[in-house]
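The values are calculated or read from the model by the stated rules, or taken from the named source; none is laboratory data. Keep in mind the model is a prediction, meaning the values are calculated, not measured. Ideal geometry is used to build each Cβ from the backbone, glycine not excepted, and the neighbour counts take in all protein chains shown. These accessible areas exclude ligands, DNA and RNA; they are computed on the full protein's heavy atoms, side chains included. Shrake-Rupley method; radii C 1.70, N 1.55, O 1.52, S 1.80 Å.
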Amino acid sequence: MSILKIILDTDPGGDDIFAFFWLQSLLRRGFAELVAVTTAAGNVSARKTFSSASQILSLGKLAQVEIGRGVAVPNPPEDAAHIHGNDGMGNLSALLPTPVHDFETARDSDEILIDRLNSMPGEITIVAIAPLTNLASAELKHPGILQKAKEIIIMGGAFHCPGNITSHAEFNLWFNPLAAEIVLNSRDDLVITSLDITQDLVFTRKMALQIYDANSESQIAQFLLKLCEFMIGTALQYRETQGIEGFLVHDAATLGYLFYPETMLWQRSSVQIETQGKWTRGQTLIDDRHSPKPPANAWIATQVNAAQFFTSLIEDLKVLVR
Ligand code: BDR
Ligand code: CA
């Protein structure tokens, strides 16, 4: 198997953190290489997501990986601290190692994307699990740069189900719809894991305990259990899981596609986004007519086998903490 070179574009976030540690397990076993982490404003501010990424990398002994600082979002809407905690980490950041990366001197995330994609054309897979501000900014500064990625996997959108931030929109694409539009227009082979499948990915405390029981001494296992408990609290409060005691690990779906593609089904689609609507900002649309329609720009996930997905996620996280 050839080694995937990955840039993780993230705004940690409870579900980002589960995805991040899943990726770390795969990195440790040589299935992928982490080229850089580009942080973005979204769940919480750019400064906080940068600092969280540094702590997560340090916990996994990956402090040498470069982190980019999130590109500013004009007129940013309200963040999602009410779901993820004021620090985006379930208010647990004080329990983790002190950040080692310096926000003041770090390169901007769009600069890192441009630099790395130019130096390794066709080799880098971008895993985008945040609002698409950094990717869009890179594309605006250097038109065509996103074409130089091997593949771009996006967690975002809601096609056949309600949104999670408004009735029509999913958080990542709602947060910066103009950025999302730029990315949707950048190539014709985007891979999108939307709420259509992530609404089925309810991670429970029992699952977190399986990881914790694999090695209760592990700082990562202890942190993931506490984070899961925090995220379950807010998920129940905001009724994200139809009353099931768990929380949705949306962002992990991107890694499910990359490393366990047999767990998902796909539909070739033409995806567009509403950027202006008074009530529909960030709504994602596909054209399901049989008649001629706009050319497709993406593959969207339509179904996930949640049992298989979670078996892979849990077993890989157990390997990480052992
Ligand atoms: C997405 O929004 C964020 O709050 C999560 O981290 C995820 O990326 C889900 O809609
Ligand atoms: Ca996220």
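Descriptive notes on the structure:
- Cα gyration tensor category, rounded, prolate or oblate, for the range 4-321 with a/c compared to 1.5: rounded
- Accessible surface for the chain, divided over its residues, is 41 Å² per residue with a 1.4 Å probe.
- Within a straight-line Cα-Cα reach of under 17 Å, residue 293 cannot be paired with any lysines, leaving aside sequence neighbours fewer than 8 residues apart in one chain.
- Peptide ranges 7-20, 142-155, 204-217 listed from the most packed, as the mean C-beta count within 10 angstrom indicates: 7-20, 142-155, 204-217
- Compared with the alpha-carbon gap, the fully stretched path from residue 188 to residue 278 is longer by 29.6 nm at 0.36 nm per residue.
- Apolar share of the accessible surface for the range 4-321: 52 percent from carbon plus sulfur atoms, 1.4 Å probe.
- Accessible-area ranking of 119, 194, largest first, probe 1.4 Å: 119, 194
- Annotation for the range 84-102 versus the range 1-51: alpha-carbon center distance of 15 Å.
- Extension gain, residue 64 back to residue 210 (0.36 nm per residue minus Cα-Cα distance, nm): 49.6 nm
- Cα-centre dipole for the range 4-321 with unit charges at Cβ (Lys and Arg positive, Asp and Glu negative), debye to 20: 100 debye
- Label positions at residue 72 and residue 305, each projected 7 Å from the Cα along the C-beta direction, are separated by 4.9 nm.
- Helical mean residue ellipticity (222 nm; -39500 (n - 2.57) per DSSP H run of 4+; nearest 500) of the chain: -11500 deg cm²/dmol
- DSSP assigns beta bridges within the chain; of those with both partners inside it, close to 35 percent run antiparallel.
- Positive contributions from Lys and Arg (+1) and negative ones from Asp and Glu (-1), summed over other residues with Cβ under 13 Å from the Cβ of residue 304, come out at -3.
- Solvent-accessible surface (1.4 angstrom probe) belonging to residue 238, in square angstrom, nearest 10: 100 Å²
- Zone of residue 2's modelled label, taken as backbone nitrogen in the range 125-139 under 13 Å from a point 7 Å along Cα→Cβ: 125
- Largest to smallest accessible area among 66, 123 [probe 1.4 Å]: 123, 66
- Multiplying the residue separation of residue 140 and residue 178 by 0.36 nm and subtracting their alpha-carbon distance yields 12.5 nm.
- Peptide packing: for 107-117, 22-32, the average count of neighbouring Cβ atoms within 10 Å per residue gives the ranking 107-117, 22-32, highest mean first.
- Centre-to-centre, using Cα atoms only, the range 290-312 and the range 145-221 are separated by 13 Å.
- Most to least packed among 79-87, 171-179 [average Cβ atoms within 10 Å]: 171-179, 79-87
- Across the range 4-321, C-alpha contacts under 8 Å between residues 6 or more apart give a mean separation that, scaled by the residue count, equals a relative contact order of 19 percent.
- Ordered by 1.4 Å accessible area with all protein chains kept, 168, 290, 250 run largest first as 290, 168, 250.
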